[in-house]
Amino acid sequence: MKRRDFLNKVAIGTATGVGAVSIAAVITEILPPETESFSLVKIGLIDDYPINEFSFIPEKKIFLYRSRSHIRVLSAVCTHLGCTIKKSEQGFDCPCHGSHFDKTGKACSGPASRSLDRFKVDVNKQGIITVNLNRYVTEDFQLP
């Protein structure tokens, strides 16, 4: 094979690869996000979770806090680079880069500058807790 033929084939292959990646990027922007049904997860009965404690649900990477008056759900994913955070006495710590979050999920120190995400949570009449992983809420949201 001549050098010119080889370089032509490499150029065509590269252009094809770049084109395919570009098309894939456009398609992911055009397609609708996940439907609500995929983001709604049932995590058990309200009585399964102790009062005034954080419970870690590893398969969903969330922490649930239940008090006598409210429930809140925080993401267990560090807002810096996506590591799974760990519960500490003062709040939450990222084992990867040392970010610290208080018990409300507010970023206190380290490279993370954004607070932990909070998710909308509902409890039905049977006491089943449902978390919407696509619906973020503000810091003051607490399910009464």
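Mind counting the residues in region 94-140 that are among the polar types (S, T, N, Q), farther than 19 Å from E53 by Cα and not in a loop (DSSP other than H, G, I, E, B)?
So the first thing to find is which residues in region 94-140 are among the polar types (S, T, N, Q), and the list is 99, 104, 109, 113, 115, 124, 126, 130, 132, 134, 138.
If we keep only those that are farther than 19 Å from E53 by Cα too, we end up with 99, 109, 113, 115, 124, 126, 132, 134, 138.
The next check asks that each one be not in a loop (DSSP other than H, G, I, E, B); those that pass are 109, 132, 134.
Result for region 94-140: 3.
Of the conditions (1) surrounded by 12 or more Cβ atoms within 10 Å (Cβ to Cβ); (2) within 20 Å of I46 (Cα to Cα), Y136 fails just one. Which one is it?
(2)
Among the strands (runs of 3 or more DSSP E) confined wholly to region 46-92, which include 3 or more residues that are surrounded by fewer than 17 Cβ atoms within 10 Å (Cβ to Cβ)?
On the way: elements: 53-57, 62-66, 71-75.
Counting at least 3 such residues, we get 53-57.
Can you say whether K42 is in contact with a strand residue (DSSP E or B) (Cβ under 8 Å, 6 or more places away or on another chain) and either closer than 19 Å to F101 by Cα or not assigned by TED's automatic domain parsing to the domain that holds I128 (or both), as far as the supplied structure shows?
Numbers: in contact with a strand residue (DSSP E or B) (Cβ under 8 Å, 6 or more places away or on another chain): yes; either closer than 19 Å to F101 by Cα or not assigned by TED's automatic domain parsing to the domain that holds I128 (or both): no.
Taking the combined requirement at face value, the residue does not satisfy it.
Could you tell me which residue of region 114-129 is surrounded by the fewest Cβ atoms within 10 Å (Cβ to Cβ), considering only residues that are on the phi < 0 side of the Ramachandran plot and more than 16 Å from the chain's Cα centre (by Cα)? Give the steps one after another, and end with the answer.
Narrowing region 114-129 to residues on the phi < 0 side of the Ramachandran plot: 114-126, 128-129.
When the remaining residues are screened for being more than 16 Å from the chain's Cα centre (by Cα), the result is 122-126, 128-129.
Details: D122: 12, V123: 15, N124: 10, K125: 5, Q126: 7, I128: 14, I129: 22.
Looking at the filtered set, the residue picked out is K125.
Can you pull out the residues in region 48-94 that are of a type in the set (S, T, Y) and either more than 12 Å from the chain's Cα centre (by Cα) or within 25 Å of I128 (Cβ to Cβ) (or both)? Even if it seems obvious, please write down each step before you answer.
We begin by selecting, within region 48-94, every residue of a type in the set (S, T, Y); these are 49, 55, 65, 67, 69, 75, 79, 84, 88.
Across region 48-94, the qualifying residues are Y49, S55, Y65, S67, S69, S75, S88.
Output the residues belonging to region 99-113 that are of a type in the set (S, T, Y) and either buried (at least 17 other Cβ atoms within 10 Å of the Cβ) or under 16 Å from S67 (Cα atoms) (or both). Give the derivation first.
Going through region 99-113, the residues of a type in the set (S, T, Y) turn out to be 99, 104, 109, 113.
Result: S99, T104.
The values are calculated or read from the model by the stated rules, or taken from the named source; none is laboratory data. Owing to the predicted nature of the structure, the values given are computational and were not obtained by experimental measurement. With ideal geometry, Cβ positions are generated from the backbone for all residues, glycine too; neighbour counts draw on all protein chains shown.
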